[in-house]
Number of protein chains: 2
Amino acid sequence: MAELERLNRLLTEFYDKMSSWEQSVVKETDYSLAQVHTIEVLGCCGAMRMKELAEKLGVTTGTLTVQVDKLVRAGLIERRAHPQDRRAIVVVLTEEGEVIHRRHNQMHLTLVEELTRHISPEQESLLIGCLEKMNREF
Amino acid sequence: MAELERLNRLLTEFYDKMSSWEQSVVKETDYSLAQVHTIEVLGCCGAMRMKELAEKLGVTTGTLTVQVDKLVRAGLIERRAHPQDRRAIVVVLTEEGEVIHRRHNQMHLTLVEELTRHISPEQESLLIGCLEKMNREF
DNA sequence: ACATATAGTTTGATTATCAAGGTAAAGGAC
DNA sequence: GTCCTTTACCTTGATAATCAAACTATATGT
């Protein structure tokens, strides 16, 4: 099982490097890591209710309420009434929030482009296949 | 560049899933995420001085001092004098710290084993190659 | 119509974190 | 050797993120 150990090491290393990359990128902005992450999820997955957003972010709804308050005050997101469920709030990016998201996403793309600089298109396809399989197993 | 976008999505998804997996695993233990991460780094990379550890963890030495205090009190790590540099402290896992690390590492291995369940050995080798290339580019 | 479950907010306490300032030691420049 | 600068770590005070639990309003099932 040396192969497994090696893969584990590489995945952990990748995770740690991604983590510090994200931290350093966020430090350049006016927003915190938690705030950028919230924007990221809303930008990638689209508007959603508090409950769902809290689950995706891995925090309680109480925590999210506080974060959403800040982002609303910063003008990046808005609270909207849910059309069917009057208990629910739908959180949606404002135009400014969209801008922030696109800018951040572009940095991600640039990073991935750099990371795969020495990976051939065929290998890249294989990598994509592996990632799909792995993500499905979580 | 649709391929790039797709890879970016998959990597982000993988990162997020790893993150929540780690969080849920840590929640079962008596230690916090920051503490487990400290143990993880010491276990994988071996004993090192405060400065180096702080860099690997992405925190200031001030923050690390506080965390190390807690882990020393918990009996998982020890502060040792650096043999050459009398300003420096070498942080090292105790026997109990090693046990915690091995237990945590085993869970990582089990996870990776599950994740790669549907990946052939040949694909796995290719995946390892890709990860090595990507980690080198960070 | 009533009981129970769910969505979101508020509150109080805890933890992690940083920046800035302090101490001690190392490493050069002279 | 003596000073100056840099480095390593610790301490402190303030701030941000987080949770659990209590609360309000609405939905859902019996």
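Bear in mind these aren't lab numbers, they're just calculated from the coordinates by the rules spelled out. Treat the numbers as computed from the prediction; the structure is a model and nothing was measured. When we count neighbours, we look across all protein chains shown, and the Cβ atoms used for this are built from the backbone with ideal geometry, even at glycine.
Springs join every pair of Cα atoms under 10 Å in this Gaussian network model of chain A, and among A:100, A:77, A:119 the largest mean-square fluctuation is at A:119.
Stretch residue A:13-residue A:114 to full length: gain in nm at 0.36 nm per residue minus the Cα-Cα span?
Details: separation 101, 0.36 × 101 = 36.36 nm, distance 1.69 nm.
Using 0.36 nm per residue and subtracting the Cα-Cα distance, I get 34.7 nm.
Put the Cα centre of segment B:1-47 next to the Cα centre of segment A:1-66 and the gap is 9 Å.
Mean-square fluctuations from a GNM of chain A, with a 10 angstrom spring cutoff on Cα atoms, peak among A:48, A:107, A:18 at A:18. Could you work out how far the C-alpha centroid of segment A:82-104 sits from that of segment B:109-136, in angstrom? Answer, in whole Å: 36.
Rounded if a/c is under 1.5, else prolate if a/b is larger than b/c, else oblate: which is the protein assembly as shown, with a ≥ b ≥ c the root eigenvalues of its Cα gyration tensor?
Details: a/c = 1.78, a/b = 1.26, b/c = 1.41.
Cα axes put the protein assembly as shown in the oblate bin.
Copy-to-copy label distances for residue B:117, where each label lies 7 Å from Cα along Cα-to-Cβ, are 3.8 nm in order of increasing length.
Check each of the chymotrypsin sites (Phe, Trp or Tyr not before Pro) in segment B:1-60 and keep only those in coil by DSSP with at most 14 other C-beta atoms within 10 angstrom; list them in order.
Numbers: sites: B:14, B:15, B:21, B:31; in loops: B:31.
Sites meeting the loop and neighbour criteria: none at all.
Take every Cα pair under 8 Å whose residues are at least 6 apart in sequence, average their separation, divide by the length of segment B:2-137, and the relative contact order is 19 percent. For chain A, set up a GNM with springs between Cα atoms under 10 Å and report which of A:128, A:89, A:39 has the largest fluctuation. Ranking A:128, A:89, A:39 by mean-square fluctuation puts A:128 first.
One residue of chain B places its C-beta nearer than any other to the axis carrying B onto A; that residue and its whole-Å distance are B:126, 3.
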